[in-house]
Amino acid sequence: MGMKGAVLCVAAALYAAAVQPASAQETASPSRGAALYGAGGCANCHTDVRGKGPEAAGGRALKTPFGTFFSPNITPDPQHGIGGWSDADFIRAMREGTAPDGSHYFPVFPFTSFTLMTDDDLKALKAHLFTLKPVARENRAHDVPFPFSMRWLQFGWKLLFFDEGPFRADPKQSAEWNQGAYLATAVVHCGECHTPRNVFGAIDRDRWFAGSTDGAEGEPVPNITPLPDGGLGKWTDEQLVSYLATGETPDGDFAGSLMAEVIEKGTALLSDADRQAIVVYLRSLKPIRGPRRD
Ligand code: HEC
Ligand code: HEC
């Protein structure tokens, strides 16, 4: 893993400064689009890693308590991907969770977090997606039983559980905190995995970042609130920043499972300032008792 750490560091140096505070960016910057694509985990979910499928061409199985969803093709193929989409189609999908034909997406697609991204960032992200190789691979139908399979039910779900973005900076907090909050909540969507869900599959905001016994793909996800015992209270800021860069934990272990993907394709490629800002945000959270780590 030492070798891997070194490779990640080189990659991090190449990408350093790619993601600046949400306010200081340029419109549709391709390097920002690439950084957002990595940090948002788009390739992680939209690539059939197990079946060695082509990048972003979909087909990854996502097991949930409601059934198994298969991610769609988001390459710029005009027929099977999103090649025919306008900027407005893309922004609507990410901001409102609504498809170009008006149907509602299931929240297994974390539009519930991406809704917070700014228009400029969404345009940069789309510009990056359109530089990917178009792949003519057909989408696989979800394997989700009735009644959860009914898309129109998502309309009610959104009324109950969905707060539409974009992110609004909190003027009472520092610029660094706001940068960290934006990255953690809108882009890297830590809360989608690190927060437990209610029976409707919606994030339980009262237990924000308190961990989940039944996270994405049915795996347990640790508590990352500043709780001294059972959370991140014993980690130093440096240890946290370094974990987000290399995956190495304070006791010399390495991040596994889904977190390894989040780091390798995402937070490792952000700048040190970005990782530092995420940690500033994490430290400001309320310590909440949650599922213990094993
Ligand atoms: C946790 C897994 C996951 C992540 C992370 C994820 N997606 Fe998705 N995405 C999905 C699933 C599943 C769907 C299909 C939802 C449905 O059918 O209702 C989807 C749907 C979409 C769609 C609509 C495609 C269509 O054909 O209608 C777009 C566009 C999209 N995602 C883009 C992105 C981008 C860009 C990112 C990164 C910022 C991203 N997704 C990250 C799982 C994910
Ligand atoms: C796709 C799901 C997912 C996302 C998104 C995600 N995590 Fe994780 N995270 C996990 C899982 C699963 C683990 C457990 C990893 C392991 O077993 O090694 C973990 C572990 C961690 C740990 C180690 C905690 C410990 O006690 O060992 C930290 C710190 C962490 N995540 C922070 C974050 C932050 C900060 C973000 C957002 C910037 C984030 N994670 C986004 C799934 C996720």
Check your understanding: In terms of Cα to Cα distance under 13 Å, which aspartates and glutamates are near enough to residue 158, apart from those fewer than 8 places away along the same chain?
Key -> 96
Review point. How would you classify region 24-168 from its alpha-carbon gyration tensor, with a ≥ b ≥ c the square roots of the eigenvalues: rounded for a/c under 1.5, else prolate if a/b is greater than b/c, otherwise oblate?
Key: oblate
Practice item. Decide, for the chain, between rounded, prolate and oblate: order the square roots of the alpha carbon gyration tensor eigenvalues as a ≥ b ≥ c, take rounded if a/c falls under 1.5, and otherwise choose prolate if a/b is larger than b/c, else oblate. Key: rounded
Exercise for review: Once you've got the Cα coordinates, tell me which of 126/265; 172/234; 63/265; 265/286 are over 24 Å apart.
Suggested key: 172/234; 265/286
Check your understanding: For residue 212, which sequence-distant residues (separation of 5 or more, or a different chain) have an amide H within less than 5 Å of its own amide H, given hydrogens modelled in the peptide plane?
Key -> 221
Practice item. Between beta-carbons, use under 15 Å as the cut-off and find the net charge around residue 95, counting Lys and Arg +1, Asp and Glu -1. Key: -3
Check your understanding: Taking the Cα centre of region 24-168 as origin and charging only Cβ (+1 Lys, Arg; -1 Asp, Glu), how large is the dipole, in debye to the nearest 20?
Key -> 420 debye
Check your understanding: What is the dipole size for region 52-128, taken about its Cα centre, with +1 at each Lys and Arg Cβ and -1 at each Asp and Glu Cβ, in debye to the nearest 20?
Key -> 360 debye
**Study point:** Derived scalar couplings ³J(HN,Hα) [region 140-148; Karplus, 6.51 cos²θ - 1.76 cosθ + 1.60; whole Hz; x for Gly, Pro]
**Key:** 9, 5, 5, 10, 10, x, 4, x, 5
Check your understanding: So, by mean Cβ neighbours within 10 angstrom, what's the order for 195-205, 74-84 with the highest one leading?
Key -> 74-84, 195-205
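Bear in mind that the values in this text are calculations on the coordinates, not laboratory data. Because the structure is a prediction, the values reported are computed rather than measured. Backbone-built Cβ (ideal geometry, glycine too); neighbour counts: all protein chains shown.
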